[in-house]
Amino acid sequence: MVRNHTGADLAIHAFLMVLALITLLPFYNVVITSFADPAAIREQRFYLIPTSFDLTSYELLLKGSYIGRAFTNSLVVTLAGAFVNVFVTTCGAYALSKRGMPGRKVILAGVVFTMLFSGGLIPLYLTIRSLDLINSYGAMIFPVAVSTFFLLVMMDHFRSIPPSLEESAKIDGANDIYILFRIVLPISKPTIAAITLFYAVARWNEWYYAMLFMTDPDMYPMQLFLRNMLLDVTRMARDDMGSSMVAQLSEMYPDGLKMASVVVTMAPIMLVYPYLQKYFASGVTLGAVKE
């Protein structure tokens, strides 16, 4: 039976379409601006209709070997960091979700305490230096090895798993480690996939800890490399002695190069979304236990 659309349905659909358009419009503007030349951008106050195609911004952005090193650093930090994040979060959340765990309340209180208070920047720097992690990937991974918020989310998820599922496995002789990796995690793919994606995005966008603990430019991740490059060019353009050398580039960098930087940095992580999207709509424990 075909349902007739009422006026309310059409109004809701129209509102959602407008909302989707408003959401996509900034991304559209970023992409077409990155491929535009400075003259075309200046002609339109809001560059909406593409009138030119220029790859100069990307050529300047990708020129040299530093961008390749920065991309490699970001890739290593993203893959290794996300793995550490998910592993520590999953193991910690599973242990803390068990009410019979000794010292559970004390440990959980300490975990929640970190959401409200921190040791400060100086103790953090001294700790990283004492561990000899300056100019290493560990300085960008271990300080953020676990997110308290995602740990609590995983704890709530593990508590929602029917106890009979684990009890039946223990009757068959399985221990807690076997139950976690062979039974609990396979039916937790939607939650793990979502948390992995959030962790990966955070590690890909990492620049703050790199700015604090990296003194070697070869260890800069891509976000910090692009930030420093844009700041250096802006300073050169404002310098009287260097303004003549970057007269043409200074007109391009404020718009074209910045937008190209956004496209280059967001494209790799956006390619991950289609592969994880199928897990978001899946049921967590659907069909896991038959009562």
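The values are calculated or read from the model by the stated rules, or taken from the named source; none is laboratory data. These figures come from a predicted structure and were not determined experimentally. Every residue, glycine among them, receives a Cβ derived from its backbone with ideal geometry; neighbour counts consider all protein chains shown. Heads up: the accessible areas ignore ligands, DNA and RNA and are worked out on the full protein's heavy atoms, side chains in. Shrake-Rupley method; radii C 1.70, N 1.55, O 1.52, S 1.80 Å.
Rounded, prolate or oblate for the stretch 1-109? Axes are the square roots of the Cα gyration tensor eigenvalues, ordered a ≥ b ≥ c, and the cut-off for rounded is a/c under 1.5.
oblate
Working with all protein chains in place, sort 6, 33, 51 by solvent-accessible area computed with a 1.4 Å probe, largest first. All intermediate terms of the calculation are to be shown ahead of the outcome.
Values: 6 70, 33 10, 51 90 Å².
Descending accessible area places them as 51, 6, 33.
Stretched out fully, how many nm does the piece from residue 14 to residue 118 gain, at 0.36 nm a residue minus the Cα gap?
32.8 nm
How much length is gained if the chain between residue 87 and residue 107 is pulled fully straight, taking 0.36 nm per residue apart and subtracting their Cα-Cα distance, in nm to one decimal?
My answer for the length gained is 5.4 nm.
State, to one decimal in nm, how far the label point of residue 168 lies from the label point of residue 24, with both points 7 Å from Cα in the Cβ direction.
Placing both labels 7 Å along Cα→Cβ, they lie 4.5 nm apart.
Would you mind computing, in nm to one decimal, how far apart the modelled labels at residue 216 and residue 275 are, each placed 7 Å from Cα along Cα→Cβ?
Here the modelled spin labels are 2.8 nm apart.
On a full-extension model of 0.36 nm per residue, what is the gain between residue 198 and residue 156, subtracting their alpha-carbon distance, rounded to one decimal in nm?
13.4 nm
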